[in-house]
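Asker: Submitted below is the structure of interest, expressed as structure tokens.
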């Protein structure tokens, strides 16, 4: 009992200290561990399994759109990184440098990839000659390294796992279409699989990716009202192509530069899932991404037939394609409940002697704690149905929460009041001048999250910051 | 036609120059490309897709035995690498060192992981306290870096993809059982999926892994008679546990050291598949690992209905779970055949106006070039059956070739004659003295590949090298 108490006690409540709650969940749900390499985390089985599910589903969706996977080297020669001016300025201050191979110093320093635009450009330069070689729609799954000063599990770490897609196209239009297509794929994935609503939009010049002509983003709102950039898709135009000399011969035998894009999602999505859905009992996983969807917990398991029945239910559910485990350990049912809740397993099934006698079991939802008594003959159908219900209701709840935390500001007085008292997105007009972004950042540590695609409306005629004429609606917010 | 000719001409024949043939296949089948990072290769879509299939099937088999996936940091602090004496001696000369993070020198150098024993030990030390925490059976899929001087695509490169399993157990027996289990899993995988026969055995002291008590290996024979180490499984005993202080409290409340294992397979398997099955027309892929199993090639595709019929066949095969593509490009059928052969696609289906009229199509095997006329209504059944036949006959052929290249040597005269004239494995008794291994390596650049588990027999009473009494049968050979 001492240990059981400890498990529950050890979680700080969200209201009390959201940051500490997050750290507690990440540790107690056994998603990560700290390593002896400062700023690098260990993804434990429960954490890595979520990533495997994300990876599996994203990869499937990528391939449906014609993406092919490749693997590029981990290292980038310094001279290659330096080829595109904006890009190197963006990344050079935060890369790790390899200077020795074996016992000898290297002739040229190599950086550990922070992102692989330069490697893909160097590759494309060699393999693209004719319009027949286009488009190239390649992606890789790998880890990248950015020497961040402050780190937090999943959200910002010196090494993280991600996918990076890099494409080359014959025309500007095709590159733009691919940039938008991947952003929409990301948004649909977040909404359909992670049950996490996102705002789709464009980054301002100030916030765009180093070397991009345009960066599109999806922005999610965490439970504490802070924004999290959850995926980005960049249109490079022909900037990298010119820096690297990536040209092809078109149908009229003329040399043309290719147009390029890149797009990526990372393990930070796991942090997003925690902060959108979690509660004071721990993690709450959407069924589609949960490594274990159902935990069968026997009650009074020493009574005759209980363990056998629990195993039977597990076997039946597994046979109908549900990811299910049973907990037959010597711990008390209460402790097992706490563990299942901490780990965010969407449904637990309780089955004891009385249930067996009555030909039923009890399904308990992780998200709402609602209990349903289910006749054993309906087990598969009811469980499948409940998983779908949980998935859609989790999305609806997250969306309602998000929508309730979007505020309109028409001038700086309103903006100031909202940003200081109401965590969430602030919709406000912007004149287009970076000085206003700088001022808002300095005054409130808030940033322009995006210029939304879908709900661009003229909520005022003047900039929320400087009062000059403004035509662009921007989502502002404090962000991770 | 000029380009078509080039494709075929460009391959060196195996007999003429095996090494050049290998390089030609690797490039012409578009498996890899060289990168601007010396010694690091780019895995192109056709190469990476083979790795994805290997990964998928191995991972499935791992999980069936209770393996859980994790992800450990890319970097190892120098002090951590130095903790186990034999291990650091084995790896320190060939690691890449990170000395700077961003603009600042690091306080302690980090090496890019050449393998992750030390990281797992550091992790296990923190998470293992009681016998209840055991066993830990973790694995990771990642890339590792070894600063090799000479490199060859897939076989030896400075960065390569692999999986590394690392386990911790309460007892010596359990660790030994896991070591053997994983070696057998590897061997079964190679034989059942890659259609590649292997010899299972133990490495000698000289050839074992740095820090291991025992290394088990599977050794395959390439078409040129050279051996390729294709997977290894190590039993560390409690050596690492003592160096890192990994202890648990047993049921009697006594402190005990854990017993550990590790095991790995790499992208070198792709090199093995090329060199076991390939021929002078290029790659020959076993169906179970082929990214594309069937290529449908329309004949006289401009005639009415041909392209439509080809698409229909493709759709039907895809619906029955076969990985199929069609080539509707403007190239000539002959060129398409050459491409399909170069890429090692197990079956091509030819369909033209006459076939359509006769209600049939032609299945051509890549491995034997045998043609079968198949009635269109039998398409799915016959194709599935043929894929199975190809798979099993490829294994049988590779095994017959391997078995025909195993020679017995009873003394050094015989050994000398065989090693100089007959490429293959040489079975010969060994006294157990490393001096004999050294002499054989110096005289012939041949090494002890393994002491086989399954066909240990006393083919002589004396060492094949020094003539002293000998009880161990060893497979010797030149190796990649």
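Asker: Please count how many residues of the stretch A:65-77 are in contact with a helix residue (DSSP H, G or I) (Cβ under 6 Å, 6 or more places away or on another chain) and either outside the structural domain of residue A:123 (by TED's automatic domain parsing) or crowded, with 21+ Cβ neighbours inside 10 Å (or both).
Answerer: 4
Residue by residue, here is whether (1) in contact with a strand residue (DSSP E or B) (Cβ under 7 Å, 6 or more places away or on another chain); (2) exposed (fewer than 14 other Cβ atoms within 10 Å of the Cβ); (3) assigned to a helix (DSSP H, G or I) holds:
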| residue | (1), (2), (3) |
| --- | --- |
| A:396 | no, yes, yes |
| A:428 | yes, no, no |
| A:437 | yes, no, yes |
| A:442 | no, yes, yes |
| A:475 | yes, no, no |
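Asker: Does residue B:416 qualify as being in the same structural domain as residue B:334 (by TED's automatic domain parsing) and touching a helix residue (DSSP H, G or I) at 6+ places or on another chain (Cβ under 9 Å)?
Answerer: For residue B:416, the condition - in the same structural domain as residue B:334 (by TED's automatic domain parsing) and touching a helix residue (DSSP H, G or I) at 6+ places or on another chain (Cβ under 9 Å) - is not met.
Asker: Consider the stretch A:17-44. How many of its residues are touching a residue at least 40 places away in the same chain (Cβ under 8 Å) and within 7 Å of chain B (Cβ to nearest Cβ)?
Answerer: Matching residues across the stretch A:17-44 total 3.
Asker: Could you figure out which of (1) touching a residue at least 40 places away in the same chain (Cβ under 8 Å); (2) not in a helix (DSSP H, G or I) isn't true of residue A:456?
Answerer: All conditions are met except number (1).
Asker: Let me ask something else. Please determine whether any residue of the stretch A:306-317 is more than 21 Å from residue A:371 (Cα to Cα) and surrounded by 22 or more Cβ atoms within 10 Å (Cβ to Cβ).
Answerer: No: the stretch A:306-317 contains no residue that is more than 21 Å from residue A:371 (Cα to Cα) and surrounded by 22 or more Cβ atoms within 10 Å (Cβ to Cβ).
Asker: Here is a check on your reading of the model: is residue B:181 surrounded by fewer than 24 Cβ atoms within 10 Å (Cβ to Cβ), outside any loop (DSSP other than H, G, I, E, B), within 14 Å of chain A (Cβ to nearest Cβ) and at pLDDT 95 or above?
Answerer: It is false that residue B:181 is surrounded by fewer than 24 Cβ atoms within 10 Å (Cβ to Cβ), outside any loop (DSSP other than H, G, I, E, B), within 14 Å of chain A (Cβ to nearest Cβ) and at pLDDT 95 or above.
Asker: Report whether or not residue B:54 is buried (at least 17 other Cβ atoms within 10 Å of the Cβ), in a strand (DSSP E or B) and either on the phi > 0 side of the Ramachandran plot or assigned by TED's automatic domain parsing to the domain that holds residue B:184 (or both).
Answerer: When the stated conditions are applied, residue B:54 does not pass them.
Asker: Can I ask one more? Give me the residue from the stretch A:114-131 that is within 10 Å of chain B (Cβ to nearest Cβ), in contact (Cβ under 8 Å) with a residue 40 or more places away in the chain and touching a strand residue (DSSP E or B) at 6+ places or on another chain (Cβ under 8 Å) and, out of that set, surrounded by the most Cβ atoms within 10 Å (Cβ to Cβ).
Answerer: A:118
Asker: Might you check whether a residue that is assigned to a loop (DSSP other than H, G, I, E, B), surrounded by 19 or more Cβ atoms within 10 Å (Cβ to Cβ) and touching a strand residue (DSSP E or B) at 6+ places or on another chain (Cβ under 7 Å) occurs anywhere in the stretch B:264-280?
Answerer: Yes, that holds for at least one residue.
Asker: Which condition breaks for residue A:138 when tested against (1) within 17 Å of the chain's Cα centre (by Cα); (2) touching a residue at least 60 places away in the same chain (Cβ under 8 Å); (3) facing chain B (nearest Cβ under 10 Å)?
Answerer: Unmet condition: (1).
Asker: Taking only the stretch A:383-394 into account, find how many residues are surrounded by fewer than 17 Cβ atoms within 10 Å (Cβ to Cβ) and under 22 Å from the mean Cα position of the chain (by Cα).
Answerer: Of the residues in the stretch A:383-394, 3 are surrounded by fewer than 17 Cβ atoms within 10 Å (Cβ to Cβ) and under 22 Å from the mean Cα position of the chain (by Cα).
Asker: Something else about it: Inside the stretch A:318-338, can you point out the residues that are in a helix (DSSP H, G or I), touching a strand residue (DSSP E or B) at 6+ places or on another chain (Cβ under 9 Å) and either in contact (Cβ under 8 Å) with a residue 40 or more places away in the chain or buried (at least 18 other Cβ atoms within 10 Å of the Cβ) (or both)?
Answerer: A:336, A:337, A:338
Asker: Residue A:71 - would you say it is farther than 23 Å from residue B:142 by Cβ, within 12 Å of chain B (Cβ to nearest Cβ) and touching a strand residue (DSSP E or B) at 6+ places or on another chain (Cβ under 6 Å)?
Answerer: No, not satisfied.
Asker: How many residues, within the stretch A:298-315, are in contact with a strand residue (DSSP E or B) (Cβ under 7 Å, 6 or more places away or on another chain) and part of a helix (DSSP H, G or I)?
Answerer: The qualifying residues number 7.
Asker: Part of a helix (DSSP H, G or I), at pLDDT 95 or above, under 23 Å from the mean Cα position of the chain (by Cα) and outside the structural domain of residue B:20 (by TED's automatic domain parsing): which single residue out of B:341, B:380 fits that description?
Answerer: B:341
Residue-by-condition table, conditions (1) surrounded by 16 or more Cβ atoms within 10 Å (Cβ to Cβ); (2) assigned to a helix (DSSP H, G or I); (3) touching a strand residue (DSSP E or B) at 6+ places or on another chain (Cβ under 6 Å):
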{"residue": "A:15", "(1), (2), (3)": "no, no, no"}
{"residue": "A:19", "(1), (2), (3)": "no, yes, no"}
{"residue": "A:24", "(1), (2), (3)": "yes, yes, no"}
{"residue": "A:48", "(1), (2), (3)": "yes, yes, yes"}
{"residue": "A:63", "(1), (2), (3)": "no, yes, no"}
{"residue": "A:79", "(1), (2), (3)": "no, yes, no"}
{"residue": "A:87", "(1), (2), (3)": "yes, yes, no"}
{"residue": "A:92", "(1), (2), (3)": "yes, yes, no"}
{"residue": "A:99", "(1), (2), (3)": "yes, no, yes"}
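Asker: Oh, and also: Residue B:264 fails exactly one of the following numbered conditions: (1) touching a helix residue (DSSP H, G or I) at 6+ places or on another chain (Cβ under 6 Å); (2) under 30 Å from residue B:171 (Cβ atoms); (3) touching a residue at least 24 places away in the same chain (Cβ under 8 Å). What is the number of that condition?
Answerer: That leaves (1) as the condition not met.
Asker: Considering only residues that are part of a strand (DSSP E or B) and over 34 Å from the mean Cα position of the chain (by Cα), look in the stretch A:232-252 and name the one that is farthest from residue A:215 (Cα to Cα).
Answerer: Only one residue tops the list, namely A:249.
Asker: Continuing with the same structure: Determine whether the stretch A:45-68 contains at least one residue that is farther than 30 Å from residue A:324 by Cβ, within 7 Å of chain B (Cβ to nearest Cβ) and modelled with pLDDT of 95 or more.
Answerer: For the stretch A:45-68, residues farther than 30 Å from residue A:324 by Cβ, within 7 Å of chain B (Cβ to nearest Cβ) and modelled with pLDDT of 95 or more: present.
Asker: Applying the selection to the stretch A:102-113, what residues are more than 25 Å from residue A:161 (Cβ to Cβ), touching a strand residue (DSSP E or B) at 6+ places or on another chain (Cβ under 9 Å) and at the interface with chain B (Cβ under 7 Å from one of its Cβ atoms)?
Answerer: Answer for the stretch A:102-113, where residues must be more than 25 Å from residue A:161 (Cβ to Cβ), touching a strand residue (DSSP E or B) at 6+ places or on another chain (Cβ under 9 Å) and at the interface with chain B (Cβ under 7 Å from one of its Cβ atoms): just A:102.
Asker: Of the residues A:148, A:164, which single one is under 19 Å from the mean Cα position of the chain (by Cα), closer than 30 Å to residue A:428 by Cβ and touching a residue at least 40 places away in the same chain (Cβ under 8 Å)?
Answerer: A:148
Asker: Report yes if residue B:195 is over 20 Å from residue B:55 (Cβ atoms) and at pLDDT 95 or above, otherwise no.
Answerer: no
The values are calculated or read from the model by the stated rules, or taken from the named source; none is laboratory data. All of these numbers come straight from a predicted model, not from anything done at the bench. Please note: Cβ atoms are built from the backbone with ideal geometry, for glycine as well, and neighbour counts cover all protein chains shown.
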